[in-house]
Every structure is written in structure tokens, then in C-alpha cells.
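A short reminder: the numbers here are calculations on the coordinates, not readings from a lab. Just so it is clear, the model here is predicted, and its values are computed rather than measured. In this analysis, Cβ positions are derived from the backbone assuming ideal geometry, glycine residues included, and neighbour counts consider all displayed protein chains.
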Ligand code: G4P
């Protein structure tokens, strides 16, 4: 049986239109009935499901973390799980990790701006895991760049084959419609208006003045190849306007037709197939409570195999003893009171008191360990300065907790000195300081640290001991007591790598 689940994320640079597109996807999928309601949708559901009570009482907001909608396609109901990746400002490891839980991604590009830095960064994360990508060139209702230029840029900057599946007939004020290469049809705003009332006329007439461009577009790029796409080597390209709800339907159809159903997940040397009977999954995100009086958290599990049933006992790899999952948050349950089962590709929110950590595997038999959920080397490192030195113990507890949640990474220098925290995005630092104060009653400041980045060290005991002897001032332990080289610059990393060929300086760490 092939699965009808499509679990995906949208990657983009801020302002490219991710929010607008998300709304339109949900709207088209019938999950919301009016545009502009992504937020309001949470309110409506809140009345219904039991877990929303937790949300309400404890102020946890999980509503937008996973958005589910359904659409019939070729006589089959496809369930789409759209995982939210936080935008630019709260860019963090969370964003990276969310991408480990999806089977594919939509890359949204602003037609006028092309590939922007954030898109590129997120793309690289997708590439690490060969996540297949569908490209959506947005805002064709505005003056944009020549589509050829955009496609060539994607191909060059991302070293990816591009295969246009549609083509805009004109842009901005001259926009006349979208030509679908697959069906040969042209979709125009209804009545030829540029107002895009959400309706359109479809015919097979290609405007004469466009004939040449169309032929060039078809001849100039590789043909679509499903295998190349699913391997992450080729991206099919769609055009449209999220704002005007144009081209969005074609995009959903593309996800239904092309995007892979739940993929097998690596566990050491093995691949765990979704068809395995045993229920297995991994935690890719932990969201803490906003209410300082409670320590409740929601751990997000990506289900890999089996059919999950409410109340089932699963064993977290980090704990060793089973927990009963009585009140799972099942995100696709919006139309029912309570969903009782979940399938591979679905996301299950598990309320807990800090027992579940990012990277944990959950399974019935406790034999499988999923791999490939890395920590990423932080890009910003700061020294934590306690305002009240008697609070050392509380600080340590708080830093350990917050690093388990994935808010920060913490490094304890080998020789003296205060703890160092590392983050991938600036906003995480603000979150850290305010949560230390609100939840742990620890007032702390952050100071510049002499280090620019960190690398996990791997090698033989002898090689590590040797290295330690000469580099004590630049060594720290992470929360798992693993040895970390604190580098003053990228050059420093390169230099040490060259000098110590027996050691591996790793920018990611798998748990
Ligand atoms: P983001 O989540 O990727 O950051 O982008 P978001 O959807 O918030 O869109 C950013 C801006 O771009 C918004 O305008 C939005 O209306 C606009 N936009 C999105 N899609 C399209 C499109 O297809 N065509 C055009 N012309 N504009 C689009 P804003 O002025 O910043 O916000 P708002 O006041 O319109 O909400």
C-alpha cells in the first residue's frame, strides 16, 4: 500500500510569501474557509479538542506547528501535513530540525528577488538529507525578473537541475496567465481581468507572441524526472501568486502527484520502512511551556512506522522505560473530537514533563535508534555572566534544561570560567535571558566570548589525550560530556584540522 500522507515544509526568505502561501494552501485544502485565518483557525479548534485545554491553561502554543489539510486527488484522499519552520528572526536549530522530520519541501522564491540568503541556508539543510524540493516562484502578479534568469540562478547557486512545469505568460501588469507544460493548458484570471478573483478560465490557446519564449523554456531545461526529483537532484518549478491565489492549486496537485510519501528513516546502518508493524518515531522538536509555573512540554514526534493508537505504550530511547501516550495531540484531528490513530508521516504531540528530548527515538520494542538528527555547530557563542553568584546551581540546571529543549547549546569549559552558550540565531539569546529570569529566577547577562564556533571532536583516546594536553584552554564539554573544540575563527578550525589529521572536527553531532 502506498501512503496517502505528504509531510512537507516550506522554506523561504522572509517576505517571499510563506505565510500567504500557507494560508492559501489551507484554504484550498478546505482546512480554513476564509483567507487570512491561519491564526483564527486555532481559535475554532480550541473549542473542540481536549489538548487545547492544555494549551489554554498553560499558554503553550502549538497550533501552528503542524497544519494538516486534505484533498481528493484521483479518487484518493491525500492528507498533507505542513510543518511550520520558524521564520528569519527566530531562526534556530528548531528550524533545521523540523526539516529532518519532513519528506519534502516547497522552496518559495520571490520572482523579483530570486534566491536570498535564508533560502539558501535552508536549502543546504535539505540537501544534507536529500530532501526533494518543489520550487514555487511567487508574486508573478508583480514586475519580476525574467523567469529564465530566476531559473538559471536556482540552477547555478544551488547546483540543482531545474525543470519548469509551468510558465508565466507575462508578469506584473502584463501577466496574462500560466501555461501548464504538462496539460498544455493556459489558466487565465477570469474574464481576462488582472484582478484574479480566485476564478479562472482554462483553455489550450497559447498566445502567439509567447510561442517562442514557450519553446525556449521547454527546450532549454531538463525534462522532469521523478527519480531525480526524489533524490534531491532536480527541482520542478511552478509559478504563481500566493496573494491572488493563482497557481496554488497546481502546486497542491504537484505535491500530491510528485512529493514522496513517508520515506524510510535511517537507524544506524538500517533503514526503517514505514511498512514496519512496530510503531516507531523520533522527537524532532520540544516546545516548552510559556507559563513559568509549569514545566510541561510538548514533544513532537514524527511517526516513522506502524499504526499508533491512543494510550499505546512507547519507550523513549533516552529513558529506557515505557510511557503510556494517553493524551497525544494529533494534528489532523480538526474535524473530529479526538483522533485515535496516527500513521507514518503524521506528527504526534506528546505532553511530558521534560522526559523527552530532541533526538530521542520512541518505539514499542526499544530496539531501534533513529540517527541523523544532528546538533549543529553554533554560529554565535556567548559567555553567561551570573548577576548573583550564589545561583550557580540553578543556572546549571536551567542551561541543561534549555539545551535539552534545543533552545541553546551549552558548553562547559575544561578550565574554569563561566559557561558558554551557543546558538544558531540571535533571537535565541533573547529567549534565553528572558526564560532564565522568568522560569528559573536566574538573572544573567551575556558577554562576548573569545570563540567564534565549536567543533565536536572524534578520534582515538590517544589522539584525543594528546590534543587535550596542548589545547586545554580551548576545550569544553557539552551537556552529554562530549569533548568540544572551541575555535576562535574558521581559520583556527582549518589550522587544527591540518595539524591533527587523526582527529575529526565535526560541525554536527548526532545523538
Ligand atoms: P513571509 O511569510 O514569507 O515572510 O511572507 P508573507 O506571506 O508575510 O508575505 C510578505 C509580503 O508579500 C506581504 O505583504 C504579502 O502580502 C506579500 N505577498 C505574498 N505573496 C504575494 C504575491 O503573490 N504577490 C504579491 N504582490 N505580494 C505577495 P506586506 O505588505 O508585507 O504585508 P501585508 O500588509 O500585505 O500583509
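The long axis of helix 490-499 is offset from the longest Cα principal axis of the chain by roughly 60 degrees.
Annotation: the residues 456, 491, sorted from fewest to most other C-beta atoms within 10 Å of their own C-beta, follow the order 491, 456.
Residues 263, 465, 230, ranked from the fewest to the most other C-beta atoms within 10 Å, line up as 465, 230, 263. In terms of its C-alpha gyration tensor, the chain has a prolate overall shape, because the principal axis ratio a/c (a ≥ b ≥ c, square roots of the eigenvalues) is not below 1.5 and a/b outweighs b/c.
Taking 7 Å steps out from each Cα toward its Cβ at residue 215 and residue 130 produces label points 3.8 nm apart.
Could you give the angle, 0 to 90 degrees to the nearest 10, between helix 392-405's Cα long axis and the longest principal axis of the Cα atoms of the chain? Approximately 30 degrees, to the nearest ten. Compute the angle between helix 147-158 and the longest alpha-carbon principal axis of the chain, please, reported from 0 to 90 degrees and rounded to the nearest 10. Tilt of helix 147-158: around 20 degrees.
Each of 214, 495, 221 has some number of other Cβ atoms within 10 Å of its Cβ, and from fewest to most they run 495, 214, 221.
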